[in-house]
Ligand SMILES: Cc1cc2nc3c(=O)[nH]c(=O)nc-3n(C[C@H](O)[C@H](O)[C@H](O)COP(=O)(O)OP(=O)(O)OC[C@H]3O[C@@H](n4cnc5c(N)ncnc54)[C@H](O)[C@@H]3O)c2cc1C
Ligand SMILES: Nc1ncnc2c1ncn2[C@@H]1O[C@H](COP(=O)(O)O)[C@@H](O)[C@H]1O
């Protein structure tokens, strides 16, 4: 029964990149890997999932009324599917973080959050204290492993797979006590922050929503996704889904450009795995320069437009 | 309606936490301890609900060492009505904490249990969801807005794709995100008044909950450090450096 089940994440029509990253973690655990797609219309998503290298089978479970986004609706079904698995994984995104502890508690087992390395089938590394310490943790060998995968720590699994797709209807009734109302997204045309190879982020220094325009212009010139510090989100310059850090998104782009961001520990937690960090800040003592690969001291309102123009 | 709020005692968020040289844990001696920031937000929300006339009593609870009395006293000074300290000298993992909150929820019968979305020490982000599962009630995690309408609540949740709205029947478990509110400051007279408010202590063993501490930790290590890189003089210098790395 040493087998891994991954709960696929999607937006209702497309597979989320976090699923392919979870697949890489599962492959390192070493057992056969099945995937389950819960969706109101699962077929196209399942077809995408079946193409991930290393997946044995993809199960589709058809839900209604967007219950596929509600932990309370999915958890009982995952519990009944889990009977055949030693490992149950989901990405450590807001979807997986909301869902998997509910599953673990119903199974009466602990959850390992934010798996960043696999040391054995029951032994993993994970960050604590905003990434200031890395712990090696294990659960008993006879216990089911329920874990969320820190997506910034794993590359996406390759394509080219051709797993079998099967419809399933696991037992477990969705409760009526929780109802999905809707999602207000920022529906941006820009590359997705969590998977973009390049990301440009702005901080409190931008001082207004209008000024943030220079960040978008630079990002568009680079073909980059756009992020922000908590201070910029709290001040209302940008929506919450752009926050990078301990309590926002943990990302690992090849290039990260931090503009007018001081480099608080909670922000740095979100970018530790970036390839190259560039910092632009008028304060030469800002902590961001301690981790930046390339630093430039100066006023962002002069530097950013000049940079955009010279790149364009 | 009663509201039950979790207050975890954690190392203050301003402290740069360090791993002990022998890898046996993190340095805690002489380090400032505080209420987990998300739990202050949880308490603030509960107090606002009470002040708006939708709740009669706010109970704060902590599971941890006797010293967590300090954090509970601060919670009472902020305005909570009474406190419960479940004394545990060893580490309390999320499943154990969830079983305790479930027990307290059954005993107190709250309409809302409000916890933080994560404790900034273990960064687990599990307890609220686990309480909801054990209690067989709705969960509304990562809340940035909470509206009560009689027997239901409408909750806006901060999710990766934006802001999601769900509706839940009460009783329910809510976990707080940073933008739910800004917690009030404690005033000196309130600290004096708080001393008279009830704070019940009970050993974890007396609650009769099964331990959920299944995770064992074999090593603590500092994270890989990034090296300080080069400083460039101007935009042209930056462009040259980026070209050298093949990034543009
Ligand atoms: C529990 C908790 C969780 C948190 N989670 C997160 C998180 O997930 N993500 C996050 O980002 N933060 C998080 N924070 C907040 C974090 O501690 C910092 O407050 C925040 O990151 C600061 O944002 P900032 O760098 O934009 O602002 P500031 O710290 O105010 O820095 C602004 C910077 O801009 C520079 N500057 C100003 N004007 C200019 C100019 N004209 N040109 C160039 N530079 C200029 C300044 O020198 C300064 O360094 C969290 C905090 C707590 C307590
Ligand atoms: N020992 C504890 N005492 C009080 N509250 C706790 C405890 N453990 C967890 N919690 C609550 O659960 C939330 C999430 O914790 P965690 O699942 O550990 O990230 C915290 O923000 C607290 O509200």
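Hey, can you tell me all the residues within the stretch B:211-241 that are more than 7 Å from every other protein chain (Cβ to nearest Cβ) and under 23 Å from residue A:219 (Cα atoms)? Spell out the reasoning first.
Initial filter on the stretch B:211-241 (more than 7 Å from every other protein chain (Cβ to nearest Cβ)): B:211, B:213, B:224-225, B:227, B:233-234, B:236-237, B:240.
Scanning the stretch B:211-241 gives B:233, B:234, B:236, B:237, B:240.
Of the residues making up the stretch B:1-37, those that are more than 10 Å from chain A (Cβ to nearest Cβ), in contact (Cβ under 8 Å) with a residue 24 or more places away in the chain and more than 16 Å from ligand 1 (Cβ to nearest atom) number 6.
Test residue A:219 against the criterion of being free of Cβ contacts under 8 Å to residues at least 24 places away in the same chain, more than 16 Å from ligand 1 (Cβ to nearest atom) and closer than 25 Å to residue A:11 by Cβ, and give yes or no. Write out each step before concluding.
Values: free of Cβ contacts under 8 Å to residues at least 24 places away in the same chain: no; more than 16 Å from ligand 1 (Cβ to nearest atom): yes; closer than 25 Å to residue A:11 by Cβ: yes.
No: the conditions fail for residue A:219.
Among the residues of the stretch B:153-165, which ones are free of Cβ contacts under 8 Å to residues at least 40 places away in the same chain and more than 23 Å from residue B:124 (Cα to Cα)?
Kept after step one, since they are free of Cβ contacts under 8 Å to residues at least 40 places away in the same chain, are these residues of the stretch B:153-165: B:154-165.
Answer for the stretch B:153-165, where residues must be free of Cβ contacts under 8 Å to residues at least 40 places away in the same chain and more than 23 Å from residue B:124 (Cα to Cα): B:154, B:165.
Among the criteria (1) part of a strand (DSSP E or B); (2) away from chain A (no Cβ under 14 Å), the one residue B:189 does not fulfil is (1).
Candidates A:189, A:210: the one that is surrounded by fewer than 16 Cβ atoms within 10 Å (Cβ to Cβ), within 16 Å of ligand 1 (Cβ to nearest atom) and either on the phi > 0 side of the Ramachandran plot or not in a strand (DSSP E or B) (or both) is A:210.
Condition check ((1) facing chain A (nearest Cβ under 10 Å); (2) in a loop (DSSP other than H, G, I, E, B); (3) closer than 30 Å to residue A:12 by Cβ) across all residues:
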{"site": "B:145", "(1), (2), (3)": "no, no, yes"}
{"site": "B:154", "(1), (2), (3)": "yes, no, yes"}
{"site": "B:158", "(1), (2), (3)": "yes, no, yes"}
{"site": "B:179", "(1), (2), (3)": "yes, no, yes"}
{"site": "B:183", "(1), (2), (3)": "no, yes, no"}
{"site": "B:193", "(1), (2), (3)": "no, no, no"}
{"site": "B:201", "(1), (2), (3)": "no, no, no"}
{"site": "B:206", "(1), (2), (3)": "no, no, no"}
{"site": "B:209", "(1), (2), (3)": "no, yes, no"}
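Within the stretch A:262-282, the set of residues being assigned to a loop (DSSP other than H, G, I, E, B) and within 16 Å of ligand 2 (Cβ to nearest atom) comprises A:269 only. Quick check: is even one residue across the stretch B:129-143 over 20 Å from residue A:71 (Cβ atoms), within 7 Å of another protein chain (Cβ to nearest Cβ) and either within 16 Å of ligand 1 (Cβ to nearest atom) or not in a helix (DSSP H, G or I) (or both)? No, the conditions are met nowhere in the stretch B:129-143. If you check residue B:150 against the conditions, is it away from every other protein chain (no Cβ under 13 Å), free of Cβ contacts under 8 Å to residues at least 40 places away in the same chain and surrounded by fewer than 21 Cβ atoms within 10 Å (Cβ to Cβ)? Yes; evaluated as a whole, the condition is true for this residue.
Considering only residues that are under 25 Å from residue A:269 (Cβ atoms), more than 12 Å from ligand 2 (Cβ to nearest atom) and surrounded by fewer than 22 Cβ atoms within 10 Å (Cβ to Cβ), which ones fall in the stretch B:113-144? Listed by number, the list holds a single entry, B:144. Hey, any hits in the stretch A:283-293 for a residue that's within 8 Å of chain B (Cβ to nearest Cβ), in a strand (DSSP E or B) and away from ligand 1 (no atom under 13 Å from the Cβ)? The answer is no, given that none of the residues of the stretch A:283-293 is within 8 Å of chain B (Cβ to nearest Cβ), in a strand (DSSP E or B) and away from ligand 1 (no atom under 13 Å from the Cβ).
Of all the helices (runs of 4 or more DSSP H) wholly in the stretch B:1-112, which have at least 1 residues that are surrounded by fewer than 23 Cβ atoms within 10 Å (Cβ to Cβ), within 15 Å of ligand 2 (Cβ to nearest atom) and under 13 Å from the mean Cα position of the chain (by Cα)? So that I can check it myself, show each step before the final result.
Numbers: elements: B:37-51, B:69-78, B:94-108.
Once the helices (runs of 4 or more DSSP H) in the stretch B:1-112 are filtered for at least 1 residues that are surrounded by fewer than 23 Cβ atoms within 10 Å (Cβ to Cβ), within 15 Å of ligand 2 (Cβ to nearest atom) and under 13 Å from the mean Cα position of the chain (by Cα), what remains is B:37-51.
Screening residue A:131 on (1) touching a strand residue (DSSP E or B) at 6+ places or on another chain (Cβ under 6 Å); (2) farther than 25 Å from residue A:45 by Cβ; (3) buried (at least 19 other Cβ atoms within 10 Å of the Cβ) shows it passes everything except condition (1).
Can you confirm whether the stretch A:255-272 contains a residue that is more than 9 Å from ligand 1 (Cβ to nearest atom) and more than 21 Å from the chain's Cα centre (by Cα)?
No, because not a single residue in the stretch A:255-272 is more than 9 Å from ligand 1 (Cβ to nearest atom) and more than 21 Å from the chain's Cα centre (by Cα).
Scanning the stretch A:231-245 for residues that are under 12 Å from the mean Cα position of the chain (by Cα) and in contact (Cβ under 8 Å) with a residue 40 or more places away in the chain, which turns out nearest to the other protein chains (Cβ to nearest Cβ)? Taking the candidates together, the pick is A:241.
If the condition is being buried (at least 23 other Cβ atoms within 10 Å of the Cβ) and in contact with a helix residue (DSSP H, G or I) (Cβ under 6 Å, 6 or more places away or on another chain), then the stretch A:41-59 contributes A:52, A:58.
Coordinate-derived values only; no laboratory data. The structure displayed is predicted, hence computed values, not measured ones. Because the Cβ atoms are built from the backbone with ideal geometry, glycine has one as well, and the counts that use them run over all protein chains shown.
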